[in-house]
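What follows is a short report on a single structure.
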Amino acid sequence: MWFFLKNKKEEPSVQPEKPISQPSNQPVDEGPKEEEKEPEKPIEEEVKPVEEEKPVISKPKPDAPKPPVVEEKPKYDEEFESYLGKFSKFTKPERDGYTYRWFYELFREAKSQLRIDTSHGLPILLKQENFPTLYEWGDKGDAQKAQDTMIGWLFSLQLAELKPYYRADLFKIGYELGGYDRYSNIYGYKFELDPNVMRILAGAIYPAMKGYCKPVTETLRREVEGSKYSKTLGQLYKDEKRDNVAPSGFFTDFRVFMPTAPAPYLSTYSKRSDRTYPNEPRDEYDNLKVDRQIHEMIVEAYNLNQPEHYQEVVQAIADKEAKKEHLFGKNVNTKHYHFHPVFGEDTIGMELPYGVLGDFAYLCLQTGSASRAIMQSATITPPQYGRLRPGCSWTREEKKNSKTDDRRNVLTNFEIEDGDGSPTGYYDKNGNWIYMNGIHNPSEFEEFQKNHLYANSYPSGHSSGMFCCSMVLMELLPNKADKILREANQYAVNRTIARYHWTSDTINGRVLGSATNAVCHAASDYYKMMASAREDIGMSR
């Protein structure tokens, strides 16, 4: 039973004046099935409700925010009901039910965060410091459309967890609710009105609210006649084909709502070998222009020869590894460089354990990263996109064989030494070629890069995986959600500093990662792993 507080003896709970009432049990629609399963135990056996027992909001630890006060009879306004009504094709929860009330609490927190406030004691998330970027915010945007985008994406995340077989349709509704679709411009908005900031913000509110309020997921699933996967998350990651986007599959067909390439980039290629950049963008779009400007700025300012940016570049390159020790480990020092873990003591204020939590978070990172394949798989019908990485698409291409440029440009995969002292790239820090991975010389490397690296820039798998992973931590540590959000966003920015990706690759990668995390929640063992990770953190303190 995974709701509100598992161990009530150790920490007394706060009883609300009149808590949300539990609805009667209804059969769960398991949706389409891939394989025969053993009959599941009735919900009553899994949740084990006691007639007198009612859900309560747990009393937090001293460093956690104060729990919300549950009103006796919430007054649902028309605005909230209008948002929930957008998803009525897939769910119509009872107005007096538990699910209706939970979505209202999500709505309240979303509105509060837009006002730079909180209705549930969460950290303030909508701050520019939590969204580091390499470009200037613009002056475009509409407040109502921004709110619609954020709440639409927030509701779609929660519903995709409860009804994963409808995930793509739900995400499409949420993604487009504010009027911004796959062809909308990416840049030029005010920070607080940026549609992708709104989606990323929703990706933080969703896990933080779940971790703080601990809703009864089986009750939510039952009320919306939802379902979950019979397989564990590890089995789904290992067994599911990346191009299986059928309703009964696990990975999401992001092409039905996200740009297969950020507009105005070409969205369809008739041949996978046609891996070239499109011409200059149309006048009404400037995404390609801004991406190029950001890249040129990075080439000039962020390199190993600039002392003021040296550590940032070193960190950005080290972040490529994305292993468990790079997530939570202690700071690593070698004779060549120093880097901090993404979610370490000097970033989020505590050192996280490697054990159960490390395995769980790393599995989510791998799953989030793998989910980008749907945008690139050659086995899926068009639209397909093979987007070139920075430096491959214009006159800088003839310079990439220069040792000086190679050491500063990701296209030759220059890496400093890893923590164990072994080289991780093809040039050492003195610019000398290193025989590695069957690549004997620069010419062979160039051919390898053309086939395996140049044309798979969009979206950023590292950004997707890290954001999916960060949502696990935000659910476990909701009082640190702002710090975790900041570091996940900084990690995405580092993918551009290291010259692996265009900025728009990382923006859409984070949105994609948030969607993947929601679907991961539908794995048969997700909440068991979450409970074990929570115990792991408790024992490490």
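The values are calculated or read from the model by the stated rules, or taken from the named source; none is laboratory data. Remember, it's a predicted structure, so these values are computed and weren't measured experimentally. Cβ sites come from the backbone with ideal geometry, for glycine too, and all protein chains shown count toward neighbours.
Key figures
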{"item": "Single residue of Gly138, Gly203, Gly152, Gly188 found to be within 27 Å of Trp502 (Cβ to Cβ), free of Cβ contacts under 8 Å to residues at least 60 places away in the same chain and assigned by TED's automatic domain parsing to the domain that holds Ala110", "result": "Gly138"}
{"item": "Close pairs from the stretch 105-120: first closer than 19 Å to Tyr76 by Cα and not assigned by TED's automatic domain parsing to the domain that holds Asn479, partner small (Gly, Ala, Ser) and assigned to a loop (DSSP other than H, G, I, E, B), Cβ under 9 Å, at least 6 apart", "result": "Glu105/Ser119; Arg108/Ser119; Glu109/Ser119; Lys111/Ser119; Ser112/Ser119; Gln113/Ser119"}
{"item": "Residues being buried (at least 24 other Cβ atoms within 10 Å of the Cβ) and closer than 17 Å to Glu161 by Cα - total across the stretch 474-485", "result": "1"}
{"item": "Meets criteria (farther than 20 Å from Asp525 by Cα and of a type in the set (Val, Ile, Thr)) for Val256", "result": "yes"}
{"item": "Qualifying positions in the stretch 503-541 - touching a Phe, Trp or Tyr at 6+ places or on another chain (Cβ under 6 Å), surrounded by fewer than 24 Cβ atoms within 10 Å (Cβ to Cβ) and closer than 23 Å to Asn489 by Cβ", "result": "Ala533"}
{"item": "Options Tyr237, Tyr180: the member that is of a type in the set (Ser, Thr, Tyr) and assigned by TED's automatic domain parsing to the domain that holds Lys145", "result": "Tyr180"}
{"item": "Enumerated helices (runs of 4 or more DSSP H) restricted to the stretch 98-210, each holding at least 3 residues that are among the aliphatic types (A, V, I, L, M) and crowded, with 22+ Cβ neighbours inside 10 Å", "result": "143-162"}
